[in-house]
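Just so it is clear, none of the values below were taken in a lab; they were calculated from the coordinates. All figures in this text were calculated on a predicted structure; none of them were measured in a lab. FYI the Cβ positions are ideal-geometry reconstructions off the backbone, even for glycines, and counts take in every protein chain you see.
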Amino acid sequence: MRIDKYLKVSRILKRREVGKELALNDRLYINEKLAKPSSEVNVGDIVRIIFGNREISIEVLEIKTTASKAEAFGMYRIVGENKDRT
């Protein structure tokens, strides 16, 4: 599944367009490699997202094309978070 769509379906981001912008601005990584909006994400991948001063790393646990709010939280696990990235 494309990373921009995964971030939307898993409800990490509200809109797919935000994922696209993060990738185009070099703020999205899959397994420590810079990701494009169309980059494929697989179970077991570590995704790092940089939002301004905040950085979050997640492990992909499950991939679904659609998910309810309850199901979305089971699609990933937070493995790292840095709230004061300078």
(request) Could you look through segment 58-83, keep only residues that are in contact with an Asp or Glu (Cβ under 6 Å, 6 or more places away or on another chain), free of Cβ contacts under 8 Å to residues at least 60 places away in the same chain and among the aliphatic types (A, V, I, L, M), and pick out the one that is surrounded by the fewest Cβ atoms within 10 Å (Cβ to Cβ)? (result) 79
(request) Quick one: which residue in 17, 71, 81 is over 11 Å from the mean Cα position of the chain (by Cα), farther than 14 Å from residue 2 by Cα and assigned to a helix (DSSP H, G or I)? (result) 71
